[in-house]
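Novice: What follows is a structure written as structure tokens; I'll ask about it next.
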Amino acid sequence: MVFDLDLIKQVYANMPARVAAARKALGRPLTLSEKILYSHLWKGVALADYARGKDYVDFAPDRVAMQDATAQMALLQFDTTGRKKVAVPSTVHCDHLIVAKQEGKSDLNKAVADNEEVYNFLSSISNKYGIGFWKPGAGIIHQVVLENYAFPGGMMIGTDSHTVNAGGLGMIAIGVGGADACDVMAGLSWELLMPKLIGIRLKGKLNGWTSPKDVILKVAGMLTVKGGTNAIVEYFGEGATSMSCTGKGTICNMGAEIGATTSTFGYDESMSRYLKATGRAEVAAAADAIKEHLTGDPEVYANPDKYFDQVFEIDLSTLEPHLNGPFTPDLATPISQMKEAAAKNNWPTKVEVGLIGSCTNSSYEDISRAVSLARQVAKKGLKTKAEFTITPGSEQVRYTIERDGFLETFSQIGATVFANACGPCIGMWDRMGAEKQERNTIVHSFNRNFAKRADGNPNTLAFVASPELVTALAIAGDLTFNPITDMLTNEKGEQVKLDPPVGDELPHSGFAVEDAGYQAPAADGSKVIVDVKPDSKRLQLLYPFTAWEGTDLKDLRLLIKAKGKCTTDHISMAGPWLKFRGHLDNISNNMLIGAINFFNDKADSVKNQLTGEYGPVPATQRAYKAAGIGTVVVGDENYGEGSSREHAAMEPRHLGVRVVLVKSFARIHETNLKKQGMLALTFANKADYELVQEDDRIEVVGLTSFTPGKPLQIVLHHKDGSSHRIEANHSYNQQQIDWFKAGGALNVIRSQALGNA
Ligand code: MIC
Ligand code: SF4
């Protein structure tokens, strides 16, 4: 079945004229990113050349995807807009709430029982508003989107930062908070800061042990977790076209880890093959008919320096397999240097568990390459030293790899196959013994490795690698094993070497699946009742946030000055907290519990300025709220890095934090804060971070003349009577200032909906 073919044909029918108009407006050849962006302008045909990194532009995305952990809040917001049906094709995917413990089937059954209320809510609200619903077990959002919905040249948004995965099929796919998704579903435009463009030329060809994952691990090492902020990364060159479509998906997927707005590749044969293999020959034919518009202009790729803001080159022929980590995805170590790095940093070298799969690296090709190593275990008389797990990305992949005997081979090396869901990648891993908090090493092919992310243990060191390297390291049980040069001792005491992995890009006998897990919405959803029980612990209807009081903010207190890395996992932890994603008050009890307090180096321990006592962050904030006192959160660089979860913005909003003042923000989080009516500010002078003291009373000056481009003033009144007046920058445009004034974007949409009624 091809979903929304008419929509795709419409996009393609418009594209040639829109690309031509953009070429004229810009007066030069175009990158692929520009072709897609300019053919999705809200206003239609391009008339202007928007300044990259400066102008906010309104777009009209073709579709929206949501996963269950973020869809709850997105749809609770949509439910308040007064719309009858979503304005663009949208889907919900149940993948984040399934705990990996024993194995796929029983874990899935347990999740279905435990999350019944939430699944019923999502299924009925999807039915009501015309949203496609993918049941628990169907697979992880990004794989399901790649297999069914992504199309070259399209533009989509999704309430998950790894929505960018669809760039593997030549899309501009962008992760957003639920409030952004809500706008688009409500038929409004979607605003984005015109991204800068990073071009990466891939030279040569992958070979041996190196895989597409190593490209992005290398890029993460080069650009760091901030390097892609407000930029689209466009890959091109012979190395790009010689790689599989799912391999491209892996590279785009992990582009979220460098903060990139998204990543993409031009349409090529590999994409056509993938579309055909996934039952979408019609889409491939339609794309073929306009293929020159689905890739960058030849002049651009011939002279990239002229057209991109930054250009890099990676030679795939000499690229080494990498291991990135621990605790941050940009700490890249080529495998040949791991012995040294591990010794120097005192990383435990015994690998306890190897985990493959997740929304990235769970393609047929990935699994077939990993299985080629698993087969060598018996053949070479080896024994797998570490535990080994697989999370297939979709039921279609799982069914097909079972049919082709891969799961059988994995089970021979003692592997556990978890449900087709996020599982260990998002802390939904009931790992035996994790509560003992022992220092240990795991390797996985997922994309994130922040502290506590996988098993909740702050002392688990997680390293990210390709599925084939993870498999090899699990067999060896040793982080420093370099399969290119090192031998293993088998059960008979002989020295053996692993052959490099080999695999199939696509299944020879095609993909197969019995029940993909899709539920189409009712043709007329108007009678569907969406049930949210008033005493529910997991779902809570939203109330409108209050509007700005119309004055400068005075007498605010410092809630926390966060030190160092403060990702969305630190601000609103996942794992056990995922169950409260539909209940704002309950999930607020995790607010900032992972952030490190600058003044005592502790997590979840801040000074309550009303009592002088130290206590947990959420409880302290609730005390300020009860006293009617607003607060400020101060943070370091790239604050809010990681997830798209808007809970990280809604919780502080709900509990009465007024300002988040940091050295720099991650893109999605900054937008989420603005959407919820918060003040997201940055230190004009980063060193002023040092001036903020624990007992400060804080003032924000300039709000009555809050204007785009004009900094605000912050006055820090210190306990000793002295004070500092510092400047705070902001990136609010007029519309975003209106959100702030109204108390949040939703208040603005709601008043428009009521006005229209
Ligand atoms: C993640 O990978 O961190 C998640 C869980 O998929 C998140 C979404 C979420 O927090 O629900 C993301 O990346 O946006
Ligand atoms: Fe799920 Fe992990 Fe992918 Fe996020 S990164 S969508 S948690 S598998």
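Novice: Give me a comma-separated list of calculated 3J(HN,Hα) values for segment 503-520, in order, Karplus coefficients 6.51, -1.76, 1.60 applied at θ = phi - 60°, integers in Hz, x for any Gly or Pro.
Specialist: x, 10, 4, 9, x, 4, 9, x, 6, 9, 6, 8, 10, 6, x, 9, 10, 6
Novice: Take every DSSP beta bridge whose two residues both sit in segment 184-335, then give the antiparallel share in percent to the nearest 5.
Specialist: Among the beta bridges of segment 184-335, antiparallel pairing accounts for roughly 20 percent.
Novice: Going by amide H atoms built from the backbone, whose H comes under 5 Å of the H on L193, apart from near neighbours?
Specialist: Here V57 satisfy the definition.
Novice: At 7 Å along the Cα-to-beta-carbon direction for both T551 and K306, put a label point, then send me their distance in nm to one decimal.
Specialist: Here the answer is 5.9 nm between the modelled labels.
Novice: Same structure, new question: Please work out how much length the chain gains when fully extended from K710 to A13, using 0.36 nm per residue of separation minus the C-alpha to C-alpha distance, in nm with one decimal.
Specialist: Going from the current span to full extension adds 246.7 nm.
Novice: For M222 and D504, what does the FRET efficiency come to when R0 = 41 Å and r is the distance between their Cβ atoms, rounded to the nearest 0.05? Could you put the intermediate results ahead of the total?
Specialist: Numbers: r = 30 Å, r/R0 = 0.74.
That pair, M222 with D504, gives E of 0.85.
Novice: Still on this structure, please answer the following. Return the distance in nm (one decimal) between the two label points of a simple spin-label model at S242 and N733, each offset 7 Å from Cα along Cα→Cβ.
Specialist: Going by the 7 Å Cα→Cβ label model, 4.2 nm.
Novice: Hey, can you find the accessible area per residue of segment 630-742 for me, probe 1.4 Å, expressed in square angstrom?
Specialist: About 30 Å² of surface per residue is accessible.
Novice: On to the next question. Which of Q519, N597, Q540 sits farthest toward the positive end of the charge dipole of segment 477-609, with +1 on the Cβ of Lys and Arg and -1 on the Cβ of Asp and Glu?
Specialist: N597
Novice: Could you compute the net charge surrounding W134? Neighbours are other residues with a C-beta less than 12 Å from the C-beta of W134; K and R count +1, D and E count -1.
Specialist: Net charge in that neighbourhood comes out at -4.
Novice: Same structure, new question: Using a Förster distance of 51 Å, how high is the FRET efficiency between N120 and D720, based on the Cβ-Cβ distance and rounded to 0.05?
Specialist: Once rounded, the FRET efficiency stands at 0.35.
Novice: At 0.36 nm per residue, minus the direct Cα-Cα distance, what do E313 and N459 gain on full extension? Give it in nm, one decimal, please. Numbers along the way, then the final one.
Specialist: Numbers: separation 146, 0.36 × 146 = 52.56 nm, distance 3.59 nm.
Once the chain is fully extended between E313 and N459, it gains 49.0 nm.
Novice: Be a star and scan segment 304-322 for residues whose amide nitrogen sits under 17 Å from the point 7 Å along the Cα-to-Cβ vector of I484.
Specialist: Of the residues in segment 304-322, 314-322 have backbone N under 17 Å from the label point off I484.
Novice: Report the relative contact order of the chain, percent, no decimals, based on alpha-carbon pairs under 8 angstrom and at least 6 residues apart.
Specialist: Values: 1862 pairs, mean separation 103.3, N = 757.
Once normalised by length, the contact order is 14 percent.
Novice: May I ask you to give the percent of accessible area on the chain that is carbon plus sulfur, with a probe radius of 1.4 Å?
Specialist: Accessible surface attributable to carbon and sulfur in the chain totals 51 percent.
Novice: Just report the Cα centroid separation between segment 395-469 and segment 310-343, whole Å.
Specialist: Cα centroid to Cα centroid, the span is 21 Å.
Novice: Still on this model: Counting helices only, and only those DSSP H runs with n ≥ 4, report the 222 nm mean residue ellipticity of the chain as the sum of -39,500 (n - 2.57) divided by its residues, in deg cm²/dmol to the nearest 500.
Specialist: So the calculated ellipticity at 222 nm is -9000 deg cm²/dmol.
Novice: So, one more: Taking 0.36 nm per residue of sequence separation and subtracting the Cα-Cα distance, how much length would be gained by fully extending the chain between D6 and E282, in nm to one decimal?
Specialist: Between D6 and E282, full extension yields 98.3 nm more.
Novice: Just the number please: accessible area per residue for segment 211-262, 1.4 Å probe, all protein chains included, in Å².
Specialist: 17
Novice: Still on this model: At K492 and Q437, where each label point lies 7 Å from the Cα along Cα→Cβ, what is the point-to-point distance in nanometres?
Specialist: With each label point 7 Å from Cα toward Cβ, the separation is 4.8 nm.
Novice: Moving on. Along segment 197-208, what does the Karplus equation 6.51 cos²θ - 1.76 cosθ + 1.60 (θ = phi - 60°) give for ³J(HN,Hα), rounded to whole Hz, x for Gly and Pro?
Specialist: Working through the residues one at a time gives 10, 10, x, 10, 8, 9, 9, x, 9, 5, 8, x Hz.
Novice: I would also like to ask the following. Whole number in Å², please: accessible area per residue of segment 349-464, 1.4 Å probe, ligands, DNA and RNA not counted.
Specialist: On a per-residue basis, 32 Å².
The values are calculated or read from the model by the stated rules, or taken from the named source; none is laboratory data. Since the model is a prediction, treat every value here as computed from it, not as a measurement. Here the Cβ is made from the backbone with ideal geometry for all residues, glycine too, and neighbour counts use every protein chain on show. What goes into the accessible areas is simple: the full protein's heavy atoms, side chains included, and nothing from ligands, DNA or RNA. Shrake-Rupley method; radii C 1.70, N 1.55, O 1.52, S 1.80 Å.
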